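Step one of this worksheet: look at the structure below.
The values are calculated or read from the model by the stated rules, or taken from the named source; none is laboratory data. Just so you know, these numbers come straight off a predicted model, no measurement behind them. No Cβ is skipped: glycine too gets one built from the backbone with ideal geometry, and neighbour counts run over all protein chains shown. Surface accessibility is based on the protein's heavy atoms, side chains included, excluding ligands, DNA and RNA. Shrake-Rupley method; radii C 1.70, N 1.55, O 1.52, S 1.80 Å.
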Amino acid sequence: MSRREADVRRILEEPQPTVPPDLYGEALRRGGRMLRRRKAARRLFWLLLFAAAVAFVVWASLAQPWVEPPSETTPPLTGW
């Protein structure tokens, strides 16, 4: 355990590398772009879902799949 602890202490005591001065601005720009893309993708998804729902309602109102189709043949006449 003491070897691991000594390695960790050695790493922590070494001078840390300097952070580039434009890192914050670059991260902010990329993060903003990522958020805008996610927002656009979410809006596109909801728009497509709404369009699919409208198309289904229009199709269902025109096709009326719940109504039994008319018979193609006439029933036989018996008992006359």
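Counting Lys and Arg as +1 and Asp and Glu as -1, what is the net charge of the other residues whose Cβ lies under 13 Å from the Cβ of Leu49? Summing Lys and Arg as +1 and Asp and Glu as -1 gives +2. Share of carbon and sulfur in the accessible area of the range 1-40 stands at 59%, probe radius 1.4 Å. Size of the chain from its Cα atoms: along the principal axes, largest to smallest, the extents are 109, 39, 11 Å.
Comparing Pro69, Pro21, Ala41 along the charge dipole axis of the chain, the residue lying farthest to the positive side is Pro21, per the Cβ-charge model.
Normalised by 2.2 N^0.38 Å, where N is the number of residues, the alpha-carbon radius of gyration of the range 10-53 equals 2.16. Solvent exposure of the chain, expressed per residue, is 106 Å² of accessible area, with all protein chains present and a 1.4 angstrom probe.
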